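Engineer: If you scroll down you'll find the structure; I have some questions about it.
Each value in this text was obtained by applying a stated rule to the coordinates, not by laboratory testing. Just so you know, these numbers come straight off a predicted model, no measurement behind them. So basically every Cβ, Gly included, is an ideal-geometry build from the backbone, and we count neighbours across all protein chains shown.
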């Protein structure tokens with residue numbers, strides 16, 4: 001009888017432990033200034049920042065969806081901090097959409113970092129809605145462009161898609177003034193033909209494909225327009241310069257309008273790739 005009672009008791013303890021210690025509360029290792037330490041599992045960089053105001057920028061391991069561990073870069077200072085930078089490999093994870101949806105809670109602030117082509121230095125731009133579109137949330141998709149227009153490099157298949165203005169709104173004639181804010185500077189254009197493109201696409205280009213040569217016969221948008229003005233608004237990260245691992249940078253496409261811009265990062269003179277941080 002005692003042995004039977006002991007067996008039942010042990011089974012109950014095991015069940016209770018299993019229910020009280022789900023995968024989301026496991027202990028992970030995360031990197032701080034290159035040193036790995038044991039800490040409670042966090043679900044995002046914003047959660048880390050909220051629990052430790054002194055947390056520094058660097059590579060961390062977060063746990064999403066009660067079990068999926070993901071190595072990300074956390075920016076803890078710029079734009080108020082708490083931004084989770086997405087790695088290229090995430091685009092091929094089966095639960096990528098669920099992971100990104102859980103991380104993207106602030107739909108009016110996106111932090112982009114640009115990798116300089118010759119200097120070992122990064123620049124940043126905090127993207128926010130255009131003053132005329134203050135109430136319009138940004139959209140973030142994984143290997144998908146629903147509600148927006150298709151990126152020209154869609155044939156690469158894997159990408160993160162940042163939509164600024166949905167196509168049904170961008171196409172309306174009364175909504176000609178479009179764009180966004182970058183580092184508190186308004187980047188805008190007048191849509192000349194109701195063509196509703198309003199997007200950034202971040203492509204890992206896993207298969208090293210050649211970007212589409214769209215608009216390559218007229219490179220006016222490498223000298224003016226939305227993409228040019230956006231890059232000009234970028235600010236350097238210095239004192240000292242900080243750089244993220246290469247895994248967080250993407251071939252980048254911008255397409256706006258109707259007379260806004262078409263450009264991809266393989267054409268840029270000063271920068272060569274962009275990283276996307278969300279919170």
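Engineer: Pairwise over distinct Cα atoms, reciprocal of the mean inverse distance: report the Kirkwood radius of region 236-279 in Å, one decimal place. Can you show the working numbers first?
Structural biologist: Details: mean 1/r = 0.0803 Å⁻¹.
That comes to 12.4 Å for region 236-279.
Engineer: Ok, one more. At a Förster distance of 25 Å, what's the computed FRET efficiency of residue 107 paired with residue 242, Cβ-Cβ distance as r, to 0.05? Kindly include the intermediate steps, with their values, before the conclusion.
Structural biologist: On the way: r = 26 Å, r/R0 = 1.04.
With a Förster radius of 25 Å, E is 0.45.
Engineer: Report the relative contact order of the chain, percent, no decimals, based on alpha-carbon pairs under 8 angstrom and at least 6 residues apart. Mind showing how you got there, number by number?
Structural biologist: Numbers: 588 pairs, mean separation 52.5, N = 279.
Relative CO of the chain lands at 19 percent.
Engineer: Roughly what % of Cα-Cα distances in region 53-114 sit above 17 Å, to the whole percent?
Structural biologist: 42 percent
Engineer: Sorted from largest down, give the three principal axis spans of the alpha carbons of region 57-167, whole angstrom values.
Structural biologist: 36, 32, 31
Engineer: Can you give the relative contact order of region 123-270 as a percent, counting alpha carbon pairs under 8 Å and 6+ residues apart? Don't skip to the answer; put the middle values down first.
Structural biologist: On the way: 283 pairs, mean separation 40.5, N = 148.
Once normalised by length, the contact order is 27 percent.
Engineer: Classify region 216-260 from the C-alpha gyration tensor, please: rounded if a/c falls under 1.5, else prolate or oblate depending on whether a/b exceeds b/c. Walk me through the numbers on the way to the answer.
Structural biologist: Values: a/c = 3.00, a/b = 1.89, b/c = 1.58.
In terms of gyration-tensor shape, prolate.
Engineer: Ok, one more. Taking the chain as the reference, fit the longest principal axis to its C-alpha atoms, fit the long axis of helix 2-20 to the helix C-alpha atoms, and give the angle between the two in degrees, 0 to 90, nearest 10.
Structural biologist: 20 degrees
Engineer: Report, largest value first, the span of the C-alpha coordinates of region 148-279 along each principal axis, in whole Å.
Structural biologist: 45, 35, 33
Engineer: Still on this model: For the chain, divide the Cα radius of gyration by the Kirkwood radius and give the resulting Rg/Rh value with two decimals. Present the calculation step by step, with values, prior to reporting the outcome.
Structural biologist: Working: Rg = 21.7 Å, Rh = 20.2 Å.
Using Cα coordinates only, the ratio equals 1.07.
Engineer: Same structure again: For residue 192 and residue 259 in one chain, what is 0.36 nm times their gap in residues minus the Cα-Cα distance, to one decimal in nm?
Structural biologist: Numbers: separation 67, 0.36 × 67 = 24.12 nm, distance 0.58 nm.
This chain segment gains 23.5 nm when fully extended.
Engineer: Rounded, prolate or oblate: which one fits region 202-279, using the alpha carbon gyration tensor with axes a ≥ b ≥ c (rounded when a/c is under 1.5, else prolate when a/b beats b/c, else oblate)? If you can, show how the numbers build up before the last one.
Structural biologist: Values: a/c = 2.04, a/b = 1.33, b/c = 1.53.
Oblate, because a/c is 1.5 or more while a/b does not exceed b/c.
Engineer: What FRET efficiency comes out for residue 172 versus residue 61 if R0 is 45 angstrom and r is the Cβ-Cβ distance? Round to the nearest 0.05.
Structural biologist: Details: r = 44 Å, r/R0 = 0.98.
Once the sixth-power term is evaluated, E becomes 0.50.
Engineer: Here is a further query. Mind checking which of 220, 100, 72 has the largest fluctuation in a GNM of the chain, springs on alpha carbons under 10 Å?
Structural biologist: Largest GNM mean-square fluctuation: 220.
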